[in-house]
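**Student:** Before we start, here is the structure in question, set down as structure tokens.
Just so you know, all these numbers are worked out from the coordinates, no wet-lab data involved. What you are looking at is a predicted structure, and each value in this text was computed from that prediction instead of being measured. Neighbour counts run over all protein chains shown; Cβ positions are idealised from the backbone, glycine included.
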């Protein structure tokens with residue numbers, strides 16, 4: 001009987017440890033669910049010819065991303081759109097990811113509106129729009145002059161997206177020209193996003209919960225054995 | 001007694017002549033006036049030169065009632081750079097002016113340096129370089145007097161410069177060249193004013209002289 005209970009105790013401990021390991025593995029996996037364009041991909045972005053007379057250039061590069069310039073000439077008025085996109089040769093398989101996030105910083109003195117588009121070869125999906133305020137010098141104010149453009153692949157709108165065949169990612173910048181009665185020049189930074197900015201701290205809470213559960217069961221088993 | 005009166009009258013006449021002369025002299029002095037660029041002059045501006053590790057590019061991005069807004073940028077610019085924005089191959093007769101002045105409004109989020117130049121094909125006169133802060137407007141002035149051929153100004157330009165990148169990874173400048181009144185109408189009005197004052201004084205003196213007689 002003693003041997004049996006010892007065996008069961010050891011067995012349940014092993015099961016618990018396996019469960020704990022599995023949960024830890026699962027939380028680690030969920031940590032890597034977000035995808036973002038990396039600095040090389042950002043720096044390789046090219047202007048998209050949309051027929052509109054918008055001109056785009058990369059004006060600076062950093063370890064975290066790149067600074068771009070998009071401008072329109074003096075005859076362009078009203079709502080105007082310019083885009084930067086990953087090159088034609090680029091493609092990606094995002095089947096292991098559940099979301100896409102990209103950080104945008106407005107480096108201009110005027111406010112501009114930003115959005116991102118993902119093309120899976122069949123459809124183009126567009127993110128939320130962000131209007132970011134103008135800056136002075138190098139000041140950055142979170143959620144005012146910088147923001148996150150994101151896609152949550154688990155939502156109903158995006159459930160048909162073919163994540164295995166992402167063919168391009170575009171950044172769109174728009175404004176009603178001339179912004180502030182004179183401005184047709186936008187300066188902005190596209191930054192590589194390292195951490196998941198998902199506000200729900202799922203990995204940490206899962207880790208805590210699973211370790212606490214494992215400890216409780218282990219303690220209960222030990223008490224039973226004694 | 002008559003001798004004293006005539007002396008006083010003579011003194012008055014001399015003093016009036018002196019006032020008239022000084023008024024005319026000041027009017028003549030102020031006729032060496034300031035010249036600024038008008039709309040057509042500024043619309044003809046383009047990038048004519050640059051210096052630095054990378055090439056500069058410039059474009060006109062807005063025209064309104066106040067002036068023309070320009071964009072000058074350096075792709076992956078680093079270190080000291082500059083660009084000249086202006087017109088070449090001109091034949092402007094600025095012999096009536098002694099100063100070239102231009103107002104510049106910095107629309108950018110960073111401070112940029114500006115200077116103003118004029119050339120007669122033989123030599124170039126350049127203003128001092130000033131830093132203009134964001135949203136600030138300042139006038140640059142350059143003396144034209146050292147130029148030998150003021151009746152044949154061939155080149156005018158502004159120079160924008162900085163040590164890149166500026167704060168916020170900035171290599172892009174936005175600035176507006178404002179229009180101004182081309183000729184200051186001070187000399188003509190000064191002439192009329194001083195002549196009328198002189199005439200009034202002259203008439204008054206004559207009347208008082210005739211009354212005393």
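**Student:** Across peptide A:62-74, what mean number of C-beta atoms from other chains lies inside 10 Å of a residue's C-beta?
**Tutor:** Across the residues of A:62-74, the mean count of other-chain Cβ atoms within 10 Å is 3.
**Student:** Let me ask something else. To the nearest 0.05, how large is the calculated FRET efficiency for residue A:144 and residue B:196 if R₀ is 56 Å and r is the Cβ-Cβ distance? Kindly include the intermediate steps, with their values, before the conclusion.
**Tutor:** Details: r = 62 Å, r/R0 = 1.11.
With R0 = 56 Å, the Cβ-Cβ based efficiency is 0.35.
**Student:** When A:154, B:46 are ordered from fewest to most other Cβ atoms inside 10 Å of their Cβ, what list results?
**Tutor:** Lowest count first: A:154, B:46.
**Student:** What's the center-to-center distance, using Cα atoms, between region A:119-192 and region B:58-130 in Å?
**Tutor:** One Cα centre to the other: 35 Å.
**Student:** What percentage of all Cα-Cα pairs in region B:33-187 are separated by more than 29 Å?
**Tutor:** 15
**Student:** Just the number, please: Stokes-Einstein D of region A:39-103 in µm²/s, Kirkwood Rh from C-alpha pairs, 10 °C, 1.306 mPa s.
**Tutor:** 115
**Student:** Sorted by average packing, counted as other Cβ atoms within 10 angstrom per residue and highest first, what order do A:124-131, A:96-103 take? Working shown, then result.
**Tutor:** Numbers: A:124-131: 14.6, A:96-103: 19.0.
Ranking the peptides A:124-131, A:96-103 by packing returns A:96-103, A:124-131.
**Student:** Report the calculated FRET efficiency for residue A:44 and residue B:66 (r = Cβ-Cβ distance, R0 = 30 Å), to the nearest 0.05.
**Tutor:** The value I calculate is 0.15.
**Student:** While we're on this one: Modelling each spin label as a point 7 Å along the Cα-to-Cβ direction, I'd like the residue B:53/residue A:89 distance in nm, to one decimal.
**Tutor:** Result for the modelled spin labels: 2.6 nm.
**Student:** Label residue B:93 and residue B:203 with points 7 Å out from Cα along Cα→Cβ: what is the distance between them in nm?
**Tutor:** Placing both labels 7 Å beyond Cα along the Cβ direction yields 3.6 nm.
**Student:** Does region A:40-195 classify as rounded, prolate or oblate by the C-alpha gyration tensor (a ≥ b ≥ c root eigenvalues; a/c under 1.5 gives rounded; else a/b over b/c gives prolate, otherwise oblate)?
**Tutor:** Prolate.
**Student:** Right, next: Would you mind checking region B:69-109 for residues with the amide N under 14 Å from a putative spin-label position 7 Å along Cα→C-beta of residue B:145?
**Tutor:** B:97-100, by backbone N distance to the label point.
**Student:** Quick check: pseudo-label points 7 Å beyond the Cα along Cα→Cβ at residue A:96 and residue B:46, how many nm apart are they?
**Tutor:** Modelled inter-label distance: 5.3 nm.
**Student:** Over all residues in B:164-176, what is the mean tally of Cβ atoms on other chains that come within 10 Å of each residue's Cβ?
**Tutor:** 6
**Student:** Average partner chain C-beta neighbours within 10 Å, per residue of A:179-185?
**Tutor:** For peptide A:179-185, the averaged partner shielding equals 6.
**Student:** Ranking A:183, A:162, A:93 by Cβ neighbours within 10 Å, fewest first, what do you get?
**Tutor:** Arranged by neighbour count, lowest to highest, A:183, A:162, A:93 become A:93, A:162, A:183.
**Student:** Starting with the fewest neighbours, write out A:42, A:176, A:58 ranked by other beta-carbon atoms found within 10 Å of each beta-carbon. Please list the in-between numbers first.
**Tutor:** Numbers: A:42 25, A:176 10, A:58 19.
Listed from fewest to most nearby Cβ atoms, that is A:176, A:58, A:42.
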